[in-house]
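The values are calculated or read from the model by the stated rules, or taken from the named source; none is laboratory data. Just so you know, these numbers come straight off a predicted model, no measurement behind them. Here the Cβ is made from the backbone with ideal geometry for all residues, glycine too, and neighbour counts use every protein chain on show.
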Amino acid sequence: MSFSLIPHSVYQTYLQITPQILRSLGVRLLLSDLDFTLAPKSVRAPDKAILAWIRELRDAGITVMILSNNRSPARVEAFCACLGISYVGHAGKPSPRGFREAMEKAGVTPEETAMLGDKLLTDVLGANRSGVLALMVEPAGGAVTFWQKVLHALQVPFKKAAGKERS
Ligand SMILES: [Mg+2]
């Protein structure tokens, strides 16, 4: 178990994460955060870009599952129903509990799993604690509120360290 806050790699948007990249990393299960990772919190339904991205990954044999701490199951449920994918809600990230549940559901090992998210203290820390590859994205829709901007600034040095930890 690693308590590292350093992601494996950082992307501008989830759209940059291609089946080729995931395959090269040996990933068969991609866990994804929802809010500010795939869409800003105000967006209620997935757009065409997300649908196409999920389809492309699925066609490449990669399972996508949402791992969300969202307290409103209705939002996660509706979003995932539109995408035709399953989810683990109330995941309690950074606890490894939700990660384990998702990997068990998909029948994969931590070495075959990656977590995509926008937050260090939940998504990245949870992934590292679970032995899962931590992929990070800049917040969808950008940092808007004061606290989002503060959080964003605090995350910068850790994002800069991405990839330097591993060979
Ligand atoms: Mg998020």
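Scanning the stretch 65-74 for residues that are free of Cβ contacts under 8 Å to residues at least 24 places away in the same chain and either within 16 Å of the ligand (Cβ to nearest atom) or not small (Gly, Ala, Ser) (or both) yields Arg71, Ser72, Pro73.
One line per residue, one yes/no per condition, for (1) within 16 Å of the ligand (Cβ to nearest atom); (2) more than 27 Å from Arg44 (Cβ to Cβ); (3) of a type in the set (Lys, Arg); (4) not in a helix (DSSP H, G or I):
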position	(1), (2), (3), (4)
Phe79	yes, no, no, no
Ile85	no, no, no, yes
Glu104	no, yes, no, no
Asp123	yes, no, no, no
Gly126	yes, no, no, no
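Taken over the stretch 149-167, the criterion of being within 23 Å of Ser95 (Cβ to Cβ) and either of a type in the set (Lys, Arg) or in contact (Cβ under 8 Å) with a residue 40 or more places away in the chain (or both) is satisfied by Phe158, Lys159, Ala162, Glu165.
Scanning the stretch 1-39 for residues that are within 16 Å of the ligand (Cβ to nearest atom), assigned to a loop (DSSP other than H, G, I, E, B) and surrounded by 13 or more Cβ atoms within 10 Å (Cβ to Cβ) turns up Leu5, Pro7, Thr13, Ile17, Asp33, Leu34, Phe36, Thr37, Leu38. Looking at (1) touching a Gly at 6+ places or on another chain (Cβ under 7 Å); (2) more than 16 Å from the ligand (Cβ to nearest atom); (3) of a type in the set (Val, Ile, Thr), which one does Thr113 not meet, given that it meets all the others? Tallying (1) touching a Gly at 6+ places or on another chain (Cβ under 7 Å); (2) more than 16 Å from the ligand (Cβ to nearest atom); (3) of a type in the set (Val, Ile, Thr), Thr113 fails exactly one: (1).
Answer with yes or no whether Thr109 is modelled with pLDDT of 95 or more, under 13 Å from the mean Cα position of the chain (by Cα) and among the polar types (S, T, N, Q). In short, no. With respect to Leu31, determine if the residue is under 21 Å from Gly163 (Cβ atoms), of a type in the set (A, V, I, L, M) and under 13 Å from the mean Cα position of the chain (by Cα). In short, yes.
Please determine whether any residue of the stretch 88-101 is without any contact (Cβ under 8 Å) to a residue 12 or more places away in the chain and not charged (D, E, K, R).
no
If you go through the stretch 44-64 and keep only what is part of a loop (DSSP other than H, G, I, E, B), in contact (Cβ under 8 Å) with a residue 40 or more places away in the chain and surrounded by 15 or more Cβ atoms within 10 Å (Cβ to Cβ), you end up with just Ile62.
Listed here are the residues, each with its yes/no results for (1) within 18 Å of Pro94 (Cα to Cα); (2) touching a strand residue (DSSP E or B) at 6+ places or on another chain (Cβ under 7 Å); (3) modelled with pLDDT under 95.
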{"site": "Leu5", "(1), (2), (3)": "yes, no, yes"}
{"site": "Pro19", "(1), (2), (3)": "no, no, no"}
{"site": "Leu22", "(1), (2), (3)": "no, yes, no"}
{"site": "Leu25", "(1), (2), (3)": "no, yes, no"}
{"site": "Leu31", "(1), (2), (3)": "yes, yes, no"}
{"site": "Leu38", "(1), (2), (3)": "no, yes, no"}
{"site": "Trp53", "(1), (2), (3)": "no, no, no"}
{"site": "Ile62", "(1), (2), (3)": "no, yes, no"}
